[in-house]
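Structure, as structure tokens:
The values are calculated or read from the model by the stated rules, or taken from the named source; none is laboratory data. Bear in mind that the values here come from a model prediction, so they are computed numbers and not experimental data. Cβ coordinates were reconstructed from backbone atoms using ideal geometry, including for glycine residues, and neighbour counts include every protein chain displayed.
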Amino acid sequence: MDTTAIEVRDLHQKYGDFEAVKGIGFRVGRGELYALLGTNGAGKTTTLDVLEGYVAPTGGEVRVLGHDPVKERARIRPRMGIVLQEAGFYKDLTVAETVDAWRRWTPHALGRGEVLDRVGLGHRAAVRVGQLSGGEKRRLDLALAVLGRPEVLFLDEPTTGLDPEARRNVWELVRGMVADGATVLLTTHYLDEAEQLAQRLAIMHDGRIVTEGTLAGVLGERGTRISFRLPGARPGDLPYSPGLARRSVRQDGETFTVETHEPQRDLRDLLVWADERGTELGGLEVRRPSLEEIFLEVAETERVAA
């Protein structure tokens, strides 16, 4: 059995002279949650448009459940769930009527009550869609996307407009679907959301994938950070030479940051050095970089390079 649910090879997508996606490639295994992150205009939504079958790629090849999502859309659309950044509803229909309308053409659909309870809208079934808050409309989007028990679920900014409790309820719903074997491709600007949900992720910038891997792998590429304040010191005063392989030393005023892949050894050397000199390391902190820090570094590095 093929264990690949989504495969992208050398994908290019142009709109006139503008190239939104510039030759990216990745694969998502069945039952995996993969997060596609990036700055505004990075090409995330364009990539999803191709995978969802709305747009034919300018170049390269994509497969969803082994099929071309444009040429074989009829074969895979019933097996997909999609949450777009913005979706349109008939404002005069109630929530219940909206779900019932979708159930009529959705094979093997969940019951109306079950799906509304899953997204926390059971108590709003009789309310007209036009009277829902923005967050409630987002939950209705999600309800319609999971109605047919999809094998592949595309989530484009699914928790935008939701309060913290509602976001966490959505996370639990998505985790449950993945546990049941669904494959999820997620785009989000909430990096804590990617950290909570994703098994693997990619960061895009200017139409290209800049870094990809497991969350632990992406975070581990940057090493552990040891930071402290040391007035009047210079990088060369520290007990190791800056710039050695797998270590960097950065100074910002009185604050030093040592980025290292051997934190235990480097921290020990630093503490012994400080103790021998009777030096106090102010605000000493040892931590791994967050996904947000890596994201911002990627954006800044790519901006400077451009």
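Per this entry, residue 174 is not counted among residues that are under 30 Å from residue 116 (Cβ atoms), free of Cβ contacts under 8 Å to residues at least 60 places away in the same chain and assigned to a helix (DSSP H, G or I). At least 2 residues being within 16 Å of the chain's Cα centre (by Cα) and either hydrophobic (A, V, I, L, M, F, W, C) or closer than 25 Å to residue 180 by Cβ (or both) is the threshold, and among the strands (runs of 3 or more DSSP E) wholly inside the stretch 13-86 those reaching it are 18-29, 33-38, 80-83.
Residues are listed down the side, and each one gets a yes or a no for (1) of a type outside the set (Asp, Glu); (2) in a loop (DSSP other than H, G, I, E, B); (3) without any contact (Cβ under 8 Å) to a residue 24 or more places away in the chain; (4) within 30 Å of residue 41 (Cβ to Cβ):
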position	(1), (2), (3), (4)
181	yes, yes, no, no
228	yes, no, no, no
232	yes, yes, yes, no
240	yes, yes, no, no
251	yes, no, yes, no
256	yes, no, no, no
265	yes, no, yes, no
268	yes, no, yes, no
274	yes, no, yes, no
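Residues considered: 21, 55. Of these, the only one that is buried (at least 22 other Cβ atoms within 10 Å of the Cβ), in the same structural domain as residue 83 (by TED's automatic domain parsing) and either under 20 Å from residue 218 (Cβ atoms) or not charged (D, E, K, R) (or both) is 21. Scanning the stretch 138-176 for residues that are under 20 Å from residue 5 (Cα atoms) and among the β-branched types (Val, Ile, Thr) yields a count of 3.
Tell me, please, whether a residue that is in contact with a Lys or Arg (Cβ under 7 Å, 6 or more places away or on another chain), buried (at least 16 other Cβ atoms within 10 Å of the Cβ) and of a type outside the set (S, T, N, Q) can be found in the stretch 69-87. Please lay out each step first, then the result.
Keep residues of the stretch 69-87 that are in contact with a Lys or Arg (Cβ under 7 Å, 6 or more places away or on another chain), which gives none.
No - not one qualifying residue is present in the stretch 69-87.
A Cβ distance below 8 Å, combined with a sequence gap of six or more or placement on separate chains, defines the contacts here; from the stretch 42-53, residues that are farther than 16 Å from residue 208 by Cβ and free of Cβ contacts under 8 Å to residues at least 60 places away in the same chain reach residues that are surrounded by 22 or more Cβ atoms within 10 Å (Cβ to Cβ) and of a type in the set (A, V, I, L, M) in the pairs 53/64. The residues in the stretch 216-265 that are surrounded by fewer than 17 Cβ atoms within 10 Å (Cβ to Cβ) and among the aliphatic types (A, V, I, L, M) can be counted, and the count is 4.
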